[in-house]
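Student: This structure is in structure tokens; I'll ask about it shortly.
The values are calculated or read from the model by the stated rules, or taken from the named source; none is laboratory data. All of these numbers come straight from a predicted model, not from anything done at the bench. Using ideal geometry, Cβ is built from the backbone for each residue, glycine included, and neighbour counts are taken over all protein chains shown. Side chains included, ligands, DNA and RNA excluded: accessible areas come from the protein's heavy atoms. Shrake-Rupley method; radii C 1.70, N 1.55, O 1.52, S 1.80 Å.
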Amino acid sequence: MTIRGNVQSPILVAGGAGFIGSTFVYLAAKAGRKLVVLDDLSTGHRGAVAAAEAVGDVRFVAGDVADGPLVEEIVAEYKIGAAVHFAARIEVGESVRDPAQFWDRNFVATLRFVDALRRAGVGRLVFSSTAAVYGIPAREPLDEAHPCAPVNPYGATKLAVEQMLASYDRAYQFRSARLRYFNAAGALPEAGLGERHDPETHLIPNVIAAALGQGGPLSVFGDDFPTRDGTCVRDYVHVADLADAHLRALDFLAERDESLTANLGTGNGATVREVIEAAAAVTGKPVPYAICGRREGDPPTLVAASGHARAALGWTPQRSDLTTIVEDAYRFFVARNTP
Ligand code: UDP
């Protein structure tokens, strides 16, 4: 097998101060990788990189991923061999209300970042994509060959980047792994890392907050879907498992002269009610909730066919059973809210 790049050369991580990025940086640093984090801290937290700095060789640069000259300077100074791109806006509802910033950050800024990498001679990128590229599932579970027809600007911006990367692959041999996340969840409480979105819209942190009596009862967005209990089914995948897939994708790109598109999900779905039950069991408290109307754009079921990531990357989720996900999110939540 041809080795195209040194697996051990430093990795540039755009958006490494966010939820998934900081978990990746911590686990990669622990695994002995050298990392440079580039983040403008618009939604990330400087402190989220501290745990990684304490265990490994990690540098932090405050700056914009769209700043081409800065990216080229970082690549030259640190002899970057590959990049991982997490920096993005993520809230679907906000993308419908205010698409301009999603196109600007998720597409334009990403194009600037990728092109700076190309000019600087870095030809390997792991990109955070999403199950939202598929739109409304025509069949389940969703495999990578399912047509892509996103139903919101968030998914559209991510699909546009995937298409840009496919053209860079053909024209410039710029290789990329486009990882389509299903529902990123869980936390790394042992490193003080977890979800800290403001406002928090994701189900699991909101269920835990409701169980602990913070912010009132949980709003359940619809119980009349064609699913086993009427609430939506999602494929929750632990953030540590996502991070592990990124490390494997970097190795894949270093060892093979080809790009990759792969779902990151477990292949198992949980309903909103099942998440509520898991949180009640983990916290030992009932979860107060109210059934509300459906949220716009929520498909009844989103479950990954995960065979491709398993086969191509040798990836097997280790921490993605629902109880472990909720336990880790709960431990992080309690630690963060304890003075
Ligand atoms: N959800 C809910 N109440 C909340 C947040 C989410 O009922 O406060 C539901 C949402 O409608 C979806 C599922 O939980 O069916 C997962 O939503 P989340 O926002 O966590 O992720 P998404 O699937 O939108 O990426």
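Student: Which residues, counting only those in region 257-280, are farther than 11 Å from LEU322 by Cα and of a type in the set (A, V, I, L, M)? Walk me through how you get there before you give the answer.
Tutor: We begin by selecting, within region 257-280, every residue farther than 11 Å from LEU322 by Cα; these are 257-265, 267, 272-273, 280.
Listed by number, the residues that qualify are LEU260, ALA262, LEU264, VAL272, ALA280.
Student: Only residues in region 201-224 that are part of a strand (DSSP E or B) count as the first member; pair them with residues that are aromatic (Phe, Trp, Tyr) and at pLDDT 95 or above, Cβ under 8 angstrom, at least 6 apart or cross-chain, and list the lot.
Tutor: Sorted first by the residue in region 201-224, then by its partner, the pairs are LEU218/TYR289; SER219/TYR289; VAL220/TYR289.
Student: Related question: Residues that are in contact with a Lys or Arg (Cβ under 7 Å, 6 or more places away or on another chain), open to solvent by less than 50 Å² (accessible area, probe 1.4 Å), closer than 22 Å to GLY186 by Cβ and among the charged types (D, E, K, R): does region 240-249 have at least one? Show your work before the answer.
Tutor: Of the residues in region 240-249, the ones in contact with a Lys or Arg (Cβ under 7 Å, 6 or more places away or on another chain) are 240-241.
Those still in the list that are open to solvent by less than 50 Å² (accessible area, probe 1.4 Å) too: 240-241.
Restricting the remaining residues to those that are closer than 22 Å to GLY186 by Cβ gives 240-241.
Checking the rest, the ones that are also among the charged types (D, E, K, R) come to 241.
Checking region 240-249: at least one residue is in contact with a Lys or Arg (Cβ under 7 Å, 6 or more places away or on another chain), open to solvent by less than 50 Å² (accessible area, probe 1.4 Å), closer than 22 Å to GLY186 by Cβ and among the charged types (D, E, K, R).
Student: Identify, from the list TYR236, TYR168, the residue that is within 11 Å of the ligand (Cβ to nearest atom), open to solvent by less than 60 Å² (accessible area, probe 1.4 Å), touching a helix residue (DSSP H, G or I) at 6+ places or on another chain (Cβ under 8 Å) and in contact (Cβ under 8 Å) with a residue 24 or more places away in the chain. Show your work before the answer.
Tutor: Values: TYR168 fails: within 11 Å of the ligand (Cβ to nearest atom).
Sole residue among the options that is within 11 Å of the ligand (Cβ to nearest atom), open to solvent by less than 60 Å² (accessible area, probe 1.4 Å), touching a helix residue (DSSP H, G or I) at 6+ places or on another chain (Cβ under 8 Å) and in contact (Cβ under 8 Å) with a residue 24 or more places away in the chain: TYR236.
Student: Further question: Before we move on, is ARG336 surrounded by fewer than 18 Cβ atoms within 10 Å (Cβ to Cβ), in contact (Cβ under 8 Å) with a residue 40 or more places away in the chain and farther than 25 Å from ARG196 by Cβ? First the steps, then the outcome.
Tutor: On the way: surrounded by fewer than 18 Cβ atoms within 10 Å (Cβ to Cβ): yes; in contact (Cβ under 8 Å) with a residue 40 or more places away in the chain: yes; farther than 25 Å from ARG196 by Cβ: no.
Answer is no for this residue.
Student: Also, quick follow-up: Inspect region 135-147 for any residue being surrounded by fewer than 18 Cβ atoms within 10 Å (Cβ to Cβ), under 18 Å from LEU260 (Cα atoms) and in contact with a Phe, Trp or Tyr (Cβ under 9 Å, 6 or more places away or on another chain) and give the result as yes or no.
Tutor: Scanning region 135-147, I find at least one residue that is surrounded by fewer than 18 Cβ atoms within 10 Å (Cβ to Cβ), under 18 Å from LEU260 (Cα atoms) and in contact with a Phe, Trp or Tyr (Cβ under 9 Å, 6 or more places away or on another chain), so the answer is yes.
Student: Among the residues of region 268-324, how many are outside any helix (DSSP H, G or I) and under 25 Å from HIS246 (Cβ atoms)? Break it down stepwise before answering.
Tutor: So the first thing to find is which residues in region 268-324 are outside any helix (DSSP H, G or I), and the list is 268-271, 284-306, 314-321.
Okay, now just the ones that are also under 25 Å from HIS246 (Cβ atoms), so 268-270, 302-306, 314-321.
Adding up the residues that qualify gives 16.
Student: Find the strands (runs of 3 or more DSSP E) located wholly in region 1-74 whose residues include 3 or more that are open to solvent by 10 Å² or more (accessible area, probe 1.4 Å), and list them. Can you show your working first?
Tutor: Numbers: elements: 11-14, 35-39, 58-62.
Strands (runs of 3 or more DSSP E) meeting the threshold: 58-62.
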